[in-house]
Amino acid sequence: MNVYDSARMADVLRPLGYGPVDRAEDADMIILNTCHIRERAAEKVFSELGRLRLIREARQAEGRDTLLAVAGCVAQAEGEEILARAPYVDLILGPQTYHRLPEMVARVARAGRTIIDTDFPVETKFDFLPEDAAPQTEGNLTAFLTIQEGCDKFCSFCVVPYTRGAETSRPVPSIMTEASRLVESGVREITLLGQNVNAFHGLDGEKTVTLAGLAERLGTIPGLQRIRYTTSHPRDMDQSLIDAHRDNPLLMPFLHLPVQSGSDRILKAMNRNHTADEYRDIIRDLRKVRPDIALSSDFIVGHPGESDDDFEATLQLIRDVTFASAYSFKYSPRPGTPAAGQAFQVDEDVKDKRLAVLQALLREQQDAFNASLLGTTQDILVTGTGRKTGQLNGRSPYLQPVHFEGDPALIGKIVKVQITKQFTNSLGGIQSKETAAF
Ligand code: SAH
Ligand code: SF4
């Protein structure tokens, strides 16, 4: 979502004459778009600010000014602390106010001091984004699109409800307009974004549309070939969405569905509102309608109170479900969240050991999943040329990077590729003799 937000900040600043540069040394304005989800990410902001300050001073010595801004969730949660520790920052803005950037830039020039805007405004930033928004990822063929933001679930460990605010869904027409524009500009694969994307309930006039309904509507845009969505919560994995994985050919057979823990005791302490078996049931139902679906998840080890038995239950869940990929983290206490204040914090070295065991198991499963694709033919969205001459890069339905030899004229198309090689984080293949899928 920060990638999406950064692109939108670039959009609102473009009319002022700003454009992206490759090096901070060349920038008239530097925006750090920050993440507050774990302590390490938040701390990095301050070390990075120290480095950027030096760049600014070097530019100043050459008579060039540099505006320095901190945006995103660290700005939202720690605006005052940034002001105290790095008073040389010009702008501090939260994730819901970046549409006001142009006005803030004008104000800072007049004020000569730091401008802070970490409101949760009544207007939504989406209504203020310019229509000519452009920059995308991977050769303009894949794009993110935020459809829902914020969260009301208040998991014990998580800062999102405090930094991104209450859960809101964008109205359907605004999403359709943005999606159509993306597809017109060449995008073939859209990833719908939200902190709880499957809690989406956007209005279309009087009618409320679910995520399954939205995906169906998006399917009517000619030229759009793939839809993904992230991040989902198990509680919101309703039957209509499960069925959509059978009925909507654009939905990719790959789902990121964080479970965090396999222990019912810890799931309860985390306020996740479901059990490990309920998670297993969702996976079973998904595989029933879409047998080739692959799963990815997030795990936290060392949540307060987590015992060896609880951790073992997580390993058991992983063995039962089998994941194609996963993200796993050591629990990081976040200021203001319920879990941070609890007794029974788990020792750091115990967390380290558990994380190593968990990651070894997940790595094994990822390798096994990749190996299971050897010899199969997959639809690959060709996203660009590779590092070696004659090589093309693409994306499998399971988000794996795939390299193969082919004609650059295939860029933007979906072609059939037989998978022949497995690397640590990518696959290699040969373009299949079968005709291109699209
Ligand atoms: N809305 C998503 C997750 C968003 S946060 C969900 O409910 O699943 C992304 C991931 O960061 C989480 O899934 C979790 O695994 C991790 N995370 C969040 N807070 C954390 C914390 N305090 N310590 C460690 N990991 C955390
Ligand atoms: Fe955080 Fe996700 Fe829980 Fe919301 S549902 S509080 S975003 S972990």
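Among the residues making up region 139-164, those that are away from ligand 1 (no atom under 14 Å from the Cβ) and at positive phi are 139, 140.
Which residue out of 266, 283 is of a type outside the set (D, E, K, R), part of a helix (DSSP H, G or I), more than 13 Å from ligand 2 (Cβ to nearest atom) and under 16 Å from residue 157 (Cα atoms)?
266
Yes or no: region 227-235 includes at least one residue that is farther than 18 Å from residue 323 by Cβ, away from ligand 2 (no atom under 13 Å from the Cβ) and either part of a helix (DSSP H, G or I) or not β-branched (Val, Ile, Thr) (or both). So far as region 227-235 goes, no, none of its residues is farther than 18 Å from residue 323 by Cβ, away from ligand 2 (no atom under 13 Å from the Cβ) and either part of a helix (DSSP H, G or I) or not β-branched (Val, Ile, Thr) (or both). Taking the conditions (1) of a type in the set (Phe, Trp, Tyr); (2) within 16 Å of ligand 2 (Cβ to nearest atom); (3) open to solvent by 10 Å² or more (accessible area, probe 1.4 Å) in turn, residue 311 satisfies each one other than (2). Of the residues making up region 328-359, those that are more than 14 Å from ligand 1 (Cβ to nearest atom) and within 23 Å of residue 297 (Cα to Cα) are 350, 353, 356, 357. Residue 380 falls short on exactly one of the conditions (1) part of a helix (DSSP H, G or I); (2) more than 16 Å from ligand 2 (Cβ to nearest atom); (3) open to solvent by less than 40 Å² (accessible area, probe 1.4 Å), and that condition is (1).
For region 181-195, the count of residues that are modelled with pLDDT of 95 or more, open to solvent by 50 Å² or more (accessible area, probe 1.4 Å) and under 18 Å from residue 286 (Cβ atoms) is zero.
Where helices (runs of 4 or more DSSP H) fall wholly inside region 18-131, the ranges with 1 or more residues that are free of Cβ contacts under 8 Å to residues at least 24 places away in the same chain and under 25 Å from the mean Cα position of the chain (by Cα) are 39-61. With respect to residue 199, is the statement that it is surrounded by fewer than 22 Cβ atoms within 10 Å (Cβ to Cβ), under 18 Å from the mean Cα position of the chain (by Cα) and more than 19 Å from residue 94 (Cβ to Cβ) true? Yes: the conditions hold for residue 199.
Under the condition of being near ligand 1 (Cβ under 10 Å from one of its atoms), in a loop (DSSP other than H, G, I, E, B) and closer than 18 Å to residue 366 by Cβ, the residues counted in region 253-263 number 3.
Rundown of residues vs (1) under 29 Å from residue 400 (Cβ atoms); (2) part of a helix (DSSP H, G or I), yes/no style:
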position: 297; (1), (2): yes, no
position: 317; (1), (2): yes, yes
position: 320; (1), (2): yes, yes
position: 329; (1), (2): yes, no
position: 349; (1), (2): no, yes
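Go through the residues of region 350-357 one by one and say whether even a single one is over 26 Å from the mean Cα position of the chain (by Cα), on the phi < 0 side of the Ramachandran plot and open to solvent by 10 Å² or more (accessible area, probe 1.4 Å). Yes, the conditions are met somewhere in region 350-357. The condition of being over 24 Å from residue 155 (Cα atoms), touching a strand residue (DSSP E or B) at 6+ places or on another chain (Cβ under 9 Å), in contact (Cβ under 8 Å) with a residue 12 or more places away in the chain and open to solvent by less than 50 Å² (accessible area, probe 1.4 Å) does not hold for residue 322.
The values are calculated or read from the model by the stated rules, or taken from the named source; none is laboratory data. All values derive from a computational prediction rather than experimental measurement. Here the Cβ is made from the backbone with ideal geometry for all residues, glycine too, and neighbour counts use every protein chain on show. Calculation scope for accessible area: heavy atoms of the full protein, side chains included, ligands and nucleic acids excluded. Shrake-Rupley method; radii C 1.70, N 1.55, O 1.52, S 1.80 Å.
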